[in-house]
Each structure stands twice: as structure tokens, then as C-alpha cells.
Amino acid sequence: MNFDFSDDQKQLREQVRRFLDDRCSTRAARARLEGAPPDPDLWKGIADMGWAGAAVPEEYGGVGLGYVDLCVIAEELGRCVAPVPFSSSVYLAAEAILRGGDAAQKRKWLPGLASGQTIGTIALSEGPKPATPASLAARFDGGRLTGTKLPVLDADVAGLAVVAARDARGDTALCVVDLKAEGVAVEAVESIDPSRSHARVTFESAPAEALAAASGWETVERVMDAAAVLFAFEQIGGAQRCLDMARDFALERHAFGRQIGSYQAIKHKLADVWVAIEIARSNAYYGAWALANDAADLAVAAATARVGASEAFWQASKENIQTHGGMGFTWELDCHLYYRRANLLGLQIGSRRTWKEKLIARLETRNTA
């Protein structure tokens, strides 16, 4: 088991970083916060690079690189707080169809998602509480879907959604819905990080197609575990960038004739962040290995990666602001972009508390088996 990226994956990381440094600096995220619409050229560039199809098999239009390569891309997207619907379309929608669809459905929808021509998302929650099979009020019956989902990541720019609903037998069904179809209403809602949009989506007897091979909530859990690993790498990328920003400022800024980085209070603060990131990175690497090898330990590895990365990014983004002092709170600096993203990603696909409870339950199950 090798807990590092291969030489090819390090080359991929350099390629991704060069592209994003050139096309997706923090100015892109700031522009979205200030009301600019999504940048279609940026998304097209990402799609042209083949990143959206990195983990999709070649027979379904992907490039078939694998999950570890996708983790490399995710970390770089997190480093620049990319304002693109990559996670909703790639980690969630494509993954749900890949794991829940039959061969015909995969041929129908995956090529569009892999090429970036179609943007997808997943719709589980119906309010502030975590979605569970018992909480689903949306109904799927006779090829029609009725209900409301809130919040739905990137729904305002997505073309299709994979929606969890209760079917006529009372079981959980995963349905693919065209978000431009009759009977679908999408209303944008505010969030702490407007560079990643959210919406309320209402279905009124909207046409929908159930994923044939989906086995109810088990598929949702598998998709969430895979997404937890990928989100963890985005969070680590963001956390590392926060630490780099804080370090650079601490070396540049002087107070009372000394670099502020020479004071113990700053040294200890940054050392604590470094330790948190290294712990999170180790957990995420194990999660990437488990995901790539479909290991039996994926459920525990994914929850561990998710908890560690959520705490590391939150801590790093907070301490970055503190290290910058009063300037750190201002709109002009980029610190708040990462603080917003840390809080958003800390809630996406479930809060830290939710994943801690999952981790405890899964460890208890594993240890008593």
C-alpha cells in the first residue's frame, strides 16, 4: 500500500495546477460572489481537459483514469476554491448513475456527464435535516415524480438530477429527471458560499426514470462514501492553501520590529494547522486507496477521511483569518473565500457530526463482526 501519488499522478497534478492558475484564480470565485454568472468558458476548458470523465469507464465516454486521479484533480479544485459544478456533476450525479443504472442507462447519460456537455446533480435533502429513507416525502409512481428538494447543489445550472424518492411500494427509488422538463421548477436560494449555487427544486408530476439497478438507500450510501473521499481531497486542497497564505503573511508582516511569524502564538497556531492537515491527508489517502480498490473497509475509510478533512479545512480557514489580523476579515483579502468554502463543504453531503456518528456506528459494526 503506497500512501503517496505516483509519478504520473504528480504530473497530472502539475498539469491541473497550471491550468487552474491560468484560468481559475480566486478572482473567479470572487466574481461569482459579486453576482457574475457562471463562466461557461471555464467549464468548457475543464471539460475539454477530460477531468469530468476521469473516473468514468471508457465504454461510457470517460477517459478511465481512475478514482485516485480524480482525487488529484479534486485537491487542486479545492486549492483554488473553483466556482464550478464539478463535485455535483462528477462525484454525485455520474457516480449515482454509474453505481445505480443498468448498462443502457449508463450509455444514455454518462457520456454527456463525462464530456461536460451535461451538468448533473443529486437531490436528497428536503430541508435542513439529513435525508434518510424515512424522511423522504417525494413520491415516484408511474414514471412521474412529485415533491420538493432543498437545497440542491448547482441545480440552477444543471441539466439533470438524480433524485431520491419513495416509490409505490414504500422503498427508496433513485430517479433521473430532466431539470428542463415540464413540471420542474428551480428557484435559486442563498447560501454562505454563493460561488457554489444552491436551489429549491419542485417536481409536479414531472417525468422521471428510475435507475434500474439501484438497490434503494444502499446505493445512496455507496455514492455518499465515494463522494466523501473526493470532497475530502477538495477540503485538503483548500486547507493547504489557507496554511500557505497564513505562512506567507506571517513571514512578510512585521510588528514591533520582528516578523509576526517569529512569535510563539503564530508559530503554534500554524503548527497546529499543519498537524491537522497531515492527519487529514493520511486519512484521505487511505480513503482513496479503499475507493480505488472497492475495499471492504471503504465505509470506515470514507467516514474517517471526511471527518478529518472537514475539521482541518475549518481550522485552517479560521486560523488564516486570525493570522492576517484585522485585515483577514475584510472583503478585499481572499481569506473569507476559503472560510465560506470550508463551511459549505463541511455541510455538503452531511455535517461533521453526521459523519462522526456514521464513523462510530461503522467501527462498532466492524469490531463486533
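The values are calculated or read from the model by the stated rules, or taken from the named source; none is laboratory data. Computed from a predicted model, the values in this text were never measured in an experiment. Glycine gets a Cβ as well: all are built from the backbone with ideal geometry, and neighbour counts include every protein chain shown. Note: accessible area is taken over every heavy atom of the protein model, side chains too, but ligands, DNA and RNA are not part of it. Shrake-Rupley method; radii C 1.70, N 1.55, O 1.52, S 1.80 Å.
Which residues, taken from the stretch 296-318, are surrounded by fewer than 24 Cβ atoms within 10 Å (Cβ to Cβ) and at pLDDT 95 or above?
Listed by number, the residues that qualify are Leu298, Ala299, Val300, Val307, Glu311, Trp314, Gln315, Lys318.
Quick check: anything in the stretch 68-88 more than 20 Å from the chain's Cα centre (by Cα) and open to solvent by less than 40 Å² (accessible area, probe 1.4 Å)?
No, the stretch 68-88 contains no residue that is more than 20 Å from the chain's Cα centre (by Cα) and open to solvent by less than 40 Å² (accessible area, probe 1.4 Å).
Would you say Thr330 is more than 19 Å from the chain's Cα centre (by Cα) and open to solvent by 80 Å² or more (accessible area, probe 1.4 Å)?
No.
Would you mind finding the one in Leu98, Leu42 that is out of contact with any Asp or Glu (no Cβ under 9 Å at 6 or more places or on another chain), without any contact (Cβ under 8 Å) to a residue 60 or more places away in the chain and open to solvent by less than 10 Å² (accessible area, probe 1.4 Å)?
On inspection, the qualifying residue turns out to be Leu42.
If a residue must be assigned to a loop (DSSP other than H, G, I, E, B) and over 19 Å from Ala31 (Cα atoms), how many such residues does the stretch 321-369 contain?
So the count comes out to 8.
Specify which of the listed residues (Ala250, Ala246, Ala295) is of a type in the set (A, V, I, L, M), touching a helix residue (DSSP H, G or I) at 6+ places or on another chain (Cβ under 8 Å) and not in a helix (DSSP H, G or I).
The match here is Ala295.
Within the bounds of the stretch 262-276, is there any residue that is in contact (Cβ under 8 Å) with a residue 60 or more places away in the chain and either part of a helix (DSSP H, G or I) or open to solvent by less than 10 Å² (accessible area, probe 1.4 Å) (or both)?
Checking the stretch 262-276: not a single residue is in contact (Cβ under 8 Å) with a residue 60 or more places away in the chain and either part of a helix (DSSP H, G or I) or open to solvent by less than 10 Å² (accessible area, probe 1.4 Å) (or both).
Output the number of the condition that Ala226 fails; it satisfies all remaining conditions of (1) in a helix (DSSP H, G or I); (2) of a type in the set (Gly, Ala, Ser); (3) without any contact (Cβ under 8 Å) to a residue 60 or more places away in the chain; (4) crowded, with 23+ Cβ neighbours inside 10 Å.
(3)
For Ser195, only one of the following conditions fails: (1) touching a helix residue (DSSP H, G or I) at 6+ places or on another chain (Cβ under 7 Å); (2) at pLDDT 95 or above; (3) not charged (D, E, K, R). What is its number?
So Ser195 meets the others, but not (2).
Sort out which residues of the stretch 189-222 are open to solvent by 50 Å² or more (accessible area, probe 1.4 Å) and over 20 Å from Leu337 (Cα atoms), and write them in order of number.
Residues satisfying the conditions are Arg200, Glu204, Ser205, Pro207, Glu209, Ala212, Ala213, Ser215, Glu218, Glu221, Arg222.
Is it true that Ser310 is part of a helix (DSSP H, G or I), out of contact with any Phe, Trp or Tyr (no Cβ under 6 Å at 6 or more places or on another chain) and either of a type outside the set (Ser, Thr, Tyr) or over 20 Å from Gln348 (Cα atoms) (or both)?
no
Can you tell me which residues in the stretch 341-361 are out of contact with any Ser or Thr (no Cβ under 9 Å at 6 or more places or on another chain), in contact (Cβ under 8 Å) with a residue 24 or more places away in the chain and either open to solvent by 40 Å² or more (accessible area, probe 1.4 Å) or over 21 Å from Glu126 (Cβ atoms) (or both)?
Lys356, Lys358
Criterion first (open to solvent by 30 Å² or more (accessible area, probe 1.4 Å), modelled with pLDDT of 95 or more and under 30 Å from Ala208 (Cα atoms)) does Glu14 satisfy it?
Considered against the rule, which asks whether it is open to solvent by 30 Å² or more (accessible area, probe 1.4 Å), modelled with pLDDT of 95 or more and under 30 Å from Ala208 (Cα atoms), Glu14 comes out as no.
What helices (runs of 4 or more DSSP H) lie completely within the stretch 1-119 and have 3 or more residues being of a type in the set (Lys, Arg) and within 24 Å of Gly159 (Cα to Cα)?
103-115
Of the residues Val176, Val152, which single one is in contact with a His (Cβ under 8 Å, 6 or more places away or on another chain), assigned to a strand (DSSP E or B) and open to solvent by less than 50 Å² (accessible area, probe 1.4 Å)?
From the options Val176, Val152, the qualifying one is Val152.
Ala114 versus (1) at positive phi; (2) touching a residue at least 24 places away in the same chain (Cβ under 8 Å): which is the lone unmet condition?
(1)
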